[in-house]
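The values are calculated or read from the model by the stated rules, or taken from the named source; none is laboratory data. Every value quoted in this text rests on a predicted model; they were computed, and no experiment measured them. Here Cβ is always computed from backbone atoms with ideal geometry, including for glycine, and neighbour counts include all displayed protein chains. Accessible surface is based on the protein model in full, side chains and every heavy atom, while ligands, DNA and RNA are left aside. Shrake-Rupley method; radii C 1.70, N 1.55, O 1.52, S 1.80 Å.
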Amino acid sequence: IAGLGQVVTNGDQIAKDLLRNGVLQGTTPPDFFYDYKIIITGFDIKVGNLPIKTVTGGNRVARSSAASSDVQSAGRGTAVIIKNIKASSQDGNVVTPNQKVEDFILIIK
């Protein structure tokens, strides 16, 4: 998740504002030397013991008021799981749907 001048990855602690408003983005291995992007179009988010919320049509938790509310109500140390990430890959002008993106966990700080 990137935003507010920060990039947070799997297992990191994250501020609530960055989690709600940051951009969920796929990363490519550092040895990729060509124009390759991963475009996130939706995902599921589970905050602590609350039910899973689905975010559709975008790459930010803020796209779902229910998911955003869950993040806002979470206490320090709460685990957040982002899974079932829907994405496409773009290599130059060629877009390939159904790109596999790994689930990840963040901790509210």
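Below, the figures for the structure above:
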{"item": "Debye, to nearest 20: dipole size of the stretch 1-101, +1 on Lys, Arg Cβ, -1 on Asp, Glu Cβ", "result": "380 debye"}
{"item": "Heavy atoms of ILE38 accessible to a 1.4 Å probe, total area in Å² rounded to 10", "result": "30 Å²"}
{"item": "Within the stretch 14-109, chymotrypsin sites (Phe, Trp or Tyr not before Pro) in DSSP loop having at most 14 other beta-carbon neighbours inside 10 Å", "result": "PHE32, PHE33, TYR34"}
{"item": "GNM flexibility winner over the chain from SER65, SER73, SER89 (Cα, springs under 10 Å)", "result": "SER73"}
{"item": "Radius 11 Å from Cβ of ARG76, net charge of other residues (Lys, Arg +1; Asp, Glu -1)", "result": "+2"}
{"item": "Residue with peak Gaussian network fluctuation, the chain [Cα springs, cutoff 10 Å], from VAL95, VAL47, VAL61", "result": "VAL95"}
{"item": "Accessible area of the chain belonging to carbon and sulfur atoms, whole % at 1.4 Å probe", "result": "50 percent"}
{"item": "13 Å beta-carbon shell around ASN10, net charge (K/R +1, D/E -1)", "result": "-2"}
{"item": "For the chain, built as a Gaussian network whose Cα springs stay under 10 Å, the top-fluctuating residue of GLY42, GLY75, GLY92", "result": "GLY92"}
{"item": "Computed helical MRE - 222 nm, the chain, DSSP H runs ≥ 4 contributing -39500 (n - 2.57), nearest 500", "result": "-3500 deg cm²/dmol"}
{"item": "Rg(Cα) / (2.2 N^0.38 Å) computed for the stretch 36-109, rounded to two decimals", "result": "1.20"}
{"item": "Å² of accessible area per residue within the chain, as computed with a 1.4 Å probe and no ligands counted", "result": "59 Å²"}
{"item": "Candidate lysines for bridging to LYS16, where Cα separation is under 25 Å - those fewer than 8 sequence places away on the same chain excluded", "result": "LYS46, LYS53, LYS83, LYS86, LYS109"}
{"item": "Inter-centroid distance (Cα atoms) of the stretch 56-79 relative to the stretch 21-35, Å", "result": "22 Å"}
{"item": "Separation of the ILE39 and ILE52 label points, Cα + 7 Å toward Cβ, nm", "result": "2.5 nm"}
{"item": "Largest-first ordering by accessible area, 1.4 Å probe, given options ARG76, ARG63, ARG20", "result": "ARG76, ARG63, ARG20"}
{"item": "Surface/4 estimate of mean projected area, convex hull on alpha-carbon atoms of the stretch 7-64, nm²", "result": "4.8 nm²"}
